[in-house]
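All remarks here apply to the structure that follows.
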Amino acid sequence: MGSSTQPVPAPRTLAEKVWDDHLVVKGEDGSPDLLYIDLHLVHEVTSPQAFDGLRVAGRPVRRLDLTIATEDHNTPTQNIDRPIADPTSRIQIETLRTNAAEFGMRLHSLGDLEQGIVHVVGPQLGLTMPGITVVCGDSHTSTHGAFGAMAFGIGTSEVEHVLATQTLPLKAFKTMAITVDGTLRSGVTAKDIILAVIAQIGASGGQGYVLEFRGSAIRALSMEGRMTVCNMSIEAGARAGMIAPDETTYAYLKGRDHAPEGVDWDDAVAYWNTLPTDEGAVFDAEVFLDANTLDPFVTWGTNPGQGVSLSDSVPNPAEIADANDRAAAERALQYMDLVAGTPMKEIPVDAVFMGSCTNSRIEDLRAFASVIKGHTKAEGVRVMVVPGSARVRIEAEAEGLHTIIEEFGAEWRFAGCSMCLGMNPDQLAPGERCASTSNRNFEGRQGKGGRTHLVSPLVAAATAIRGTLSSPADLEG
Amino acid sequence: MEKFTTVTGVGVPLRRSAVDTDQIIPAVFLKRVTKTGFEDALFANWRQDPTFVLNDDAYAGARVLVAGPNFGTGSSREHAVWALRDYGFDAVLSPKFGDIFRGNSGKQGLVTGQISEADCELLWSAMESQPGIELTVDLIERHAVLGDLVVPFDIDDYVRWRLLEGLDDIALTLRNEQAITDFEASRASWLPKTLPVRHA
């Protein structure tokens, strides 16, 4: 028991510990805390105006050794050895190259072994670690929370702020525990967990919170699965999602290029072991989900909270109590060209997209390939498989996954954000319907007039085989 | 950044909830490398519909947008704020904002005032009954005024102070230069470094 003169420290959550350990200046009288940023990831879309700001003010990048850039949003996923066709995309990529050269920033360009989606590259290099703060001018930075890091997306002004000062002024977040207990059934994945969570708390249910995913079903996930879960925290409105580090985390990290070595590794693990939420720590909100009864999940609308089990039907807006939600549902059905009551499994698709920072890691590709192996894609359905990084592509090819994908009739592409967002040549045509392993089903997200159903890699694969929204179980018999 | 106290101008009722930043500015417009020239990109897809509210001449020169809950959710793109500013908006009122969007707005002199859903409906009705009517957003008093209607709004105290003073965040932070340097001296050696490049 503690001595009478030493107060027992109050139990803290994982998020509170990471916050406290990065406090440079504690804010007073309503001003924000100043937090130190351990890792800053940069890409071509949200950085040009930030570099301009530095130039105008005559400021250098404070910590080039905590900063790394890659090209992902604008990059084409085929013919990558040729000049980028779209002049505005090309200028944006060239601007990043010029800026990186001028300021001395590490950059992995298209064609480089380490190029890829920024949220795939950080973890794969071993730069993303437990207990650190990570920012990037991209809302899916929440991905890195899978390691027990506090990671969140920032705007371009904040990118400039971090480049100049390696800190950010931030107001404390509230904390929300999302406990997922039980065992996932066969065919149910991390993607289904997070889609079900968002459907339960709503696309703005996490606003103002850092989410902590806990429970036996979360502990059982691989790092890839945990990254999928944390990646979509922002789709519940939360800036960050976190999972306490454990042996799974350490096993993933150990031996990676930038992971600590020797004594540093031992010191790091000793610190990381102190990070999990203390017993008795209080969250501002708590949510529970039963993994045992979870089905494959799929969205029907135009925000990620508008989802149902794949075995359900398109909901009837008339049955939605909240007036704003009802109006949004009516609008969504109109945009999606869906009729209430239609079984989700009867909805035909024109395209299947397997990729994005949510589901483009090696394990995702393995899952997809395991379902399509020996099948041929449904006639008339366009299927695109896009690895998250050049390294993932090489790894997949070493395992022969590309052969399975190409024999299936799908397109095997180079790494990038691809059809997750309408910025590069990979886009849906107006009216086209897509089963997508990405993270956003907003109007026009995958191309103007395109219609998106968010799904897991397993559902994407089964859908590519049958041509209608399907799970692997539908392939039997 | 210029100091913000009050703004008076035409108000636009945007009767939609969950307006994500992909709607405010579609990704295809994010390729520019400047901070200006985004006015045509604002709500670009919706503006192709002739019945969309911004296509109504009565709302020409609008400066205040009144939108349904969950305005600015989704992508972190600050281009959404630049597009609203370039179009001429100085303030957005909504019952709820996306966190990143609200943060970005404060850095670019765009006031984001949080109002009640009931007041949102009152403002919408008033603007729709007299299209093109002006309203005043008063950051000092934290309220919006439309004729006899006075609607209070919430905004973070610190953001409000910075907007009123027109202060630059980076300059404010650099006042803590010594504290940052001291913090850096205490950081553990195992923390990640991107340079020098390492290969396991």
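The values are calculated or read from the model by the stated rules, or taken from the named source; none is laboratory data. Here the structure is a predicted model, which means the values were calculated and not measured. Cβ coordinates were reconstructed from backbone atoms using ideal geometry, including for glycine residues, and neighbour counts include every protein chain displayed.
Worth pointing out:
- Taking (1) within 26 Å of A:VAL18 (Cβ to Cβ); (2) within 8 Å of chain A (Cβ to nearest Cβ); (3) aliphatic (A, V, I, L, M) in turn, B:ALA185 satisfies each apart from (2).
- Here A:ARG466 clears all of (1) touching a strand residue (DSSP E or B) at 6+ places or on another chain (Cβ under 8 Å); (2) more than 14 Å from every other protein chain (Cβ to nearest Cβ) except the condition numbered (1).
- Of everything listed in (1) at the interface with chain B (Cβ under 7 Å from one of its Cβ atoms); (2) buried (at least 24 other Cβ atoms within 10 Å of the Cβ), the single unmet condition for A:CYS136 is (1).
- For region A:55-81, a residue qualifies if it is farther than 23 Å from B:ARG187 by Cβ and either facing chain B (nearest Cβ under 9 Å) or part of a strand (DSSP E or B) (or both), and the qualifying residues are A:ALA57, A:THR70, A:HIS73, A:ASN74.
- Only listed residue being surrounded by 24 or more Cβ atoms within 10 Å (Cβ to Cβ) and within 14 Å of chain B (Cβ to nearest Cβ), chosen from A:VAL210, A:VAL197, A:VAL229, A:VAL180: A:VAL210
- The one condition in (1) within 24 Å of A:ARG361 (Cβ to Cβ); (2) touching a strand residue (DSSP E or B) at 6+ places or on another chain (Cβ under 8 Å) that A:THR248 fails to fulfil: (2)
- Selection within region A:8-39: residues that are part of a strand (DSSP E or B) and more than 9 Å from every other protein chain (Cβ to nearest Cβ). The member of this set that is surrounded by the fewest Cβ atoms within 10 Å (Cβ to Cβ) is A:ASP33.
- Residues being at the interface with chain A (Cβ under 8 Å from one of its Cβ atoms), touching a helix residue (DSSP H, G or I) at 6+ places or on another chain (Cβ under 7 Å) and part of a loop (DSSP other than H, G, I, E, B) - total across region B:60-87: 7
- A residue that is basic (Lys, Arg) and in contact (Cβ under 8 Å) with a residue 40 or more places away in the chain cannot be found anywhere in region A:84-92.
- Filter pass, B:GLY132 being touching a strand residue (DSSP E or B) at 6+ places or on another chain (Cβ under 9 Å), crowded, with 19+ Cβ neighbours inside 10 Å and within 19 Å of B:ASP90 (Cβ to Cβ): no
- Only residues that are assigned to a loop (DSSP other than H, G, I, E, B), touching a residue at least 60 places away in the same chain (Cβ under 8 Å), over 22 Å from A:GLU379 (Cβ atoms) and not small (Gly, Ala, Ser) were counted across region A:398-420, and they come to 2.
The rows are residues; the columns are (1) surrounded by fewer than 17 Cβ atoms within 10 Å (Cβ to Cβ); (2) under 30 Å from A:THR75 (Cα atoms).
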site	(1), (2)
A:SER309	no, no
A:PRO343	yes, no
A:PHE368	no, yes
A:ARG391	no, yes
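- Any hit, region A:401-416, residues being within 14 Å of chain B (Cβ to nearest Cβ), crowded, with 24+ Cβ neighbours inside 10 Å, within 26 Å of B:GLY74 (Cα to Cα) and not acidic (Asp, Glu): yes
- Verdict on A:MET423 being farther than 24 Å from A:VAL314 by Cβ, assigned to a strand (DSSP E or B) and within 21 Å of the chain's Cα centre (by Cα): no
- Selection from region A:152-177 of residues that are at the interface with chain B (Cβ under 7 Å from one of its Cβ atoms), small (Gly, Ala, Ser) and not in a strand (DSSP E or B): A:GLY155, A:SER157, A:ALA164
A quick yes/no check of all residues on (1) within 14 Å of chain A (Cβ to nearest Cβ); (2) over 17 Å from B:VAL92 (Cβ atoms); (3) touching a Gly at 6+ places or on another chain (Cβ under 7 Å):
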position	(1), (2), (3)
B:VAL150	no, yes, no
B:ASP157	yes, yes, yes
B:LEU167	yes, yes, no
B:LEU172	yes, yes, no
B:ARG175	yes, yes, no
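- A:SER222 passes every criterion in (1) among the small types (Gly, Ala, Ser); (2) in contact (Cβ under 8 Å) with a residue 40 or more places away in the chain; (3) surrounded by 23 or more Cβ atoms within 10 Å (Cβ to Cβ) apart from (3).
- Across region B:7-41, the qualifying residues are those that are assigned to a strand (DSSP E or B) and among the aliphatic types (A, V, I, L, M), and the one among them that is nearest to the other protein chains (Cβ to nearest Cβ) is B:LEU14.
- Test: residue in region B:96-110 that is among the β-branched types (Val, Ile, Thr), in a helix (DSSP H, G or I) and more than 7 Å from chain A (Cβ to nearest Cβ): no
- Screening A:ASP65 on (1) more than 25 Å from the chain's Cα centre (by Cα); (2) surrounded by fewer than 18 Cβ atoms within 10 Å (Cβ to Cβ) shows it passes everything except condition (1).
- Test: residue in region A:119-129 that is hydroxyl-bearing (Ser, Thr, Tyr), crowded, with 23+ Cβ neighbours inside 10 Å and either in contact (Cβ under 8 Å) with a residue 24 or more places away in the chain or assigned by the TED database to the domain that holds A:VAL392 (or both): yes
- Cβ-Cβ distances below 7 Å connect the following pairs, each with a first residue in region B:28-52 that is on the phi > 0 side of the Ramachandran plot, a second residue that is part of a helix (DSSP H, G or I), and a separation of six or more residues or different chains: B:GLY37/B:ASP86; B:PHE43/B:GLN23; B:PHE43/B:ILE24; B:PHE43/B:LEU54.
- Any hit, region A:221-233, residues being touching a strand residue (DSSP E or B) at 6+ places or on another chain (Cβ under 7 Å), farther than 29 Å from A:GLU114 by Cβ and modelled with pLDDT of 95 or more: no
- Just so you know, in region B:43-59 the residues that are in a loop (DSSP other than H, G, I, E, B) and not aliphatic (A, V, I, L, M) include one that is farthest from A:ALA328 (Cα to Cα), and it is B:ASP56.
- Only a single item in (1) among the hydrophobic types (A, V, I, L, M, F, W, C); (2) within 26 Å of A:VAL120 (Cα to Cα); (3) assigned to a helix (DSSP H, G or I) is not met by A:ALA329, and it is number (2).
- Residue in region A:378-389 that is surrounded by the fewest Cβ atoms within 10 Å (Cβ to Cβ), counting only those that are out of contact with any Gly (no Cβ under 6 Å at 6 or more places or on another chain) and hydrophobic (A, V, I, L, M, F, W, C): A:MET384
- Residue in region A:152-172 that is outside the structural domain of A:THR302 (by the TED database) and over 30 Å from B:THR36 (Cα atoms) present: yes
- For region A:291-307, taking the residues that are touching an Asp or Glu at 6+ places or on another chain (Cβ under 7 Å) and not in a loop (DSSP other than H, G, I, E, B), the one that is surrounded by the fewest Cβ atoms within 10 Å (Cβ to Cβ) is identified as A:ALA291.
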